[in-house]
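The values are calculated or read from the model by the stated rules, or taken from the named source; none is laboratory data. Just so you know, these numbers come straight off a predicted model, no measurement behind them. Don't worry about glycine lacking a Cβ; one is built from the backbone with ideal geometry, like all the others, and counts go over all protein chains shown. Keep in mind that these areas ignore ligands, DNA and RNA; they rest on the heavy atoms of the full protein, side chains included. Shrake-Rupley method; radii C 1.70, N 1.55, O 1.52, S 1.80 Å.
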Amino acid sequence: MLSPKDYPISVQYDFASGKFDPVKIRDDRNLSDLQMMFHDKSVVQSTLAEADPLIYEVWLHPFETSKSDMALGVTRLLPGKIGDEYHMTKGHIHERDDQPEIYFCTQGEGYLLLQTIDGEFRAERWTAGTISHIPPMWAHRAVNTGADMLVFVASYHLSAGHDYAPIINKGFRKLLLEREGQPTFVESPRWT
Ligand code: PAN
Ligand code: ZN
């Protein structure tokens with residue numbers, strides 16, 4: 001736990017690389033961590049038979065002055081697809097029902113997907129510079145539809161909690177698939 005003698009606590013963010021320093025925790029998410037999320041299970045299995053590609057990195061700095069303090073996270077989402085589905089984060093909803101979040105896209109292009117537990121769905125187009133507010137009780141996922149790395153900075157309360165189960169069970173209402181070279185929203189068969 002940090003104390004006032006450590007204040008102010010700052011990290012230095014490099015817009016060119018999408019990295020900040022110092023980092024406390026690095027968490028890599030590979031395809032094996034997301035196999036339930038991508039819709040084309042045969043492509044997932046054939047890819048995993050050869051290798052387990054990195055899909056994104058999460059760099060974290062929890063500002064631990066109290067249990068209700070905030071975390072700073074940077075997600076670096078690699079470009080690419082699994083079959084026809086663009087690389088994306090797992091997606092989750094916060095366990096606490098009063099916990100929002102801010103996402104700041106600093107590099108690349110893609111979409112922020114939002115969804116309530118009842119399946120109300122929204123998508124926000126992202127380019128470098130878009131800052132999005134995620135309301136409490138909306139599941140959130142980022143999707144990289146560009147040719148380069150998609151990078152975003154996140155800030156949330158350490159006490160928010162991350163619940164992945166609703167996304168593992170049913171996913172998001174719409175998939176972002178490549179159709180004729182373009183990112184296209186397609187109704188997920190798991191919802192219809
Ligand atoms: C973010 C996410 C991060 C990785 O820091 O945790 O982008 O996405 P998943 O957690 O869905 O794998 C955040 O939303 N924190 O609350
Ligand atoms: Zn979150």
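Here are the numbers:
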{"item": "Neighbour-limited loop hits for trypsin sites (Lys or Arg not before Pro), region 84-186 (at most 14 other Cβ within 10 Å; DSSP other than H, G, I, E, B)", "result": "R96"}
{"item": "For F63, residues with placed amide H under 5 Å, excluding near neighbours", "result": "M70, A71, L72"}
{"item": "The chain: angle of helix 41-50 to the longest principal axis, Cα-based, in degrees nearest 10", "result": "70 degrees"}
{"item": "Solvent-accessible area per residue, Å², over the chain with all protein chains present [probe radius 1.4 Å]", "result": "50 Å²"}
{"item": "Proximal charge balance of N169 [Cβ under 15 Å; K/R count +1, D/E count -1]", "result": "+3"}
{"item": "Rotationally averaged projected area of region 13-187 (alpha carbon convex hull; nm²)", "result": "10.0 nm²"}
{"item": "Amide H contacts of E101 (H built 1.01 Å from N, under 5 Å, at least 5 apart or other chain)", "result": "I134"}
{"item": "Equivalent ellipsoid semi-axes - Cα gyration tensor, region 128-192, angstrom", "result": "23, 20, 9"}
{"item": "Mean projection area, nm², convex hull over Cα of region 62-109", "result": "4.8 nm²"}
{"item": "222 nm mean residue ellipticity, helices alone, for the chain (DSSP H n ≥ 4; -39,500 (n - 2.57); rounded to 500)", "result": "-2000 deg cm²/dmol"}
{"item": "Out-of-range pairs (alpha-carbon distance over 21 Å; input K81/K174; K19/K67; K41/K81; K19/K41)", "result": "K19/K67; K19/K41"}
{"item": "Proximal charge balance of E85 [Cβ under 9 Å; K/R count +1, D/E count -1]", "result": "-2"}
{"item": "Counted charge near H94, where neighbours are those whose Cβ lies closer than 10 Å (Asp, Glu -1; Lys, Arg +1)", "result": "-4"}
